[in-house]
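To start, the structure under review is shown below, and the notes come after it.
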């Protein structure tokens with residue numbers, strides 16, 4: 001397990017203890033793209049915990065482009081028969097010689113700086129990468145493909161009071177650099193529907209809200225991630241707007257359990273919002289909460305040009321989670337408790353020089 005902390009260990013135990021038909025994965029092989037990322041790391045740790053505690057015997061193929069990062073994140077599993085690193089670039093045709101039963105596609109550029117500095121890579125992973133994986137699923141007769149999508153596909157709310165249920169479709173200005181991420185996620189979802197119709201590939205789509213947690217990149221440029229790192233370092237928080245927007249968030253462990261509910265209980269062709277809906281805080285309220293954990297304050301500052309190009313211009317992006325709750329899922333943490341845990345865990349890692 002990458003993070004040796006009691007709070008993270010408790011999160012993994014909670015996921016592994018979810019009342020799910022885990023037996024569907026018994027003695028199967030599951031490919032995870034983006035395995036070393038914020039979501040992928042937790043997915044792998046939870047499945048390896050199920051193997052350890054319940055002898056699930058699911059083989060995890062942790063796919064990525066960087067073997068060194070994988071070796072560091074998953075060092076505890078290096079000699080485990082149920083774990084294998086697969087060097088893979090999803091933008092190229094997928095070639096794996098042995099059978100694969102399930103695929104979770106969680107590889108994507110997911111923070112604003114990447115949207116503006118690597119716009120082509122952002123789009124190709126979401127479109128070409130998804131196409132290559134769907135082709136792989138078609139050829140290999142994979143049992144289920146999970147396309148991890150995003151709140152970004154909803155675009156901007158057409159009215160301030162709108163909420164983003166799974167049928168909502170808001171506005172995206174496609175003639176902007178920032179549009180590359182949401183438009184390519186929309187295209188990825190459309191590809192999934194095409195493969196369901198044309199090739200009978202079984203697909204389910206979790207749409208993630210803004211996700212945070214201790215497995216995030218420490219240089220992640222999302223506002224929430226930067227606030228958390230300010231909290232970890234005991235710094236004042238720099239807010240590069242008035243902090244008015246109100247978004248739905250989800251703690252990484254709750255997000256991963258939501259993905260498992262989609263994988264094991266979801267209906268083919270359906271999308272499910274993965275979000276905590278207990279309390280919707282503004283960016284400013286979140287910044288003030290995190291700074292208050294350290295007795296610090298919030299400072300307001302205008303973004304530079306590169307940062308501005310990657311920022312979302314949405315005012316509100318609130319996602320109801322009723323549909324996913326209908327599958328039996330419920331989050332364990334709200335924004336305040338999840339953020340507090342994340343700061344505590346990451347502070348421990350940073351102090352150890354991880």
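Here, each number is a calculation from the coordinates, and none is a lab measurement. Everything quoted here is computed from the prediction, not taken from an experiment.
Observations on the structure shown:
- Straightening the chain between residue 297 and residue 6 buys 101.9 nm, computed as 0.36 nm per residue apart minus the Cα-Cα spacing.
- Normalised by the number of residues in the chain, the mean separation of alpha-carbon contacts (under 8 Å, six or more apart) gives a relative contact order of 19 percent.
- Note on segment 167-182 and segment 219-250: Cα centroid distance 23 Å, given to the nearest whole angstrom.
- Residue-averaged 222 nm ellipticity for the chain, from DSSP H runs of 4+ at -39500 (n - 2.57), nearest 500: -13000 deg cm²/dmol
- Distance from the Cα centroid of segment 76-93 to that of segment 3-71 is 12 Å (rounded to whole angstrom).
- Read-out Kirkwood radius over Cα pairs in Å, derived from the coordinates shown; its label in [x] 25.8; [y] 26.3; [z] 20.5: [z]
- Percentage relative contact order, segment 79-153, counting C-alpha pairs under 8 Å, at least six apart: 44 percent
- Annotation: the antiparallel percentage among DSSP beta bridges lying fully within the chain is about 10.
- Stretch gain in nm, segment residue 13-residue 200, where the contour uses 0.36 nm per residue and the Cα spacing is subtracted: 63.8 nm
- Our estimate of slack between residue 89 and residue 117, defined as 0.36 nm per intervening residue step minus the Cα-Cα distance, is 8.2 nm.
- For segment 41-108, the share of alpha carbon pairs falling in successive 10 Å distance bins from zero is 18, 54, 26, 2 percent.
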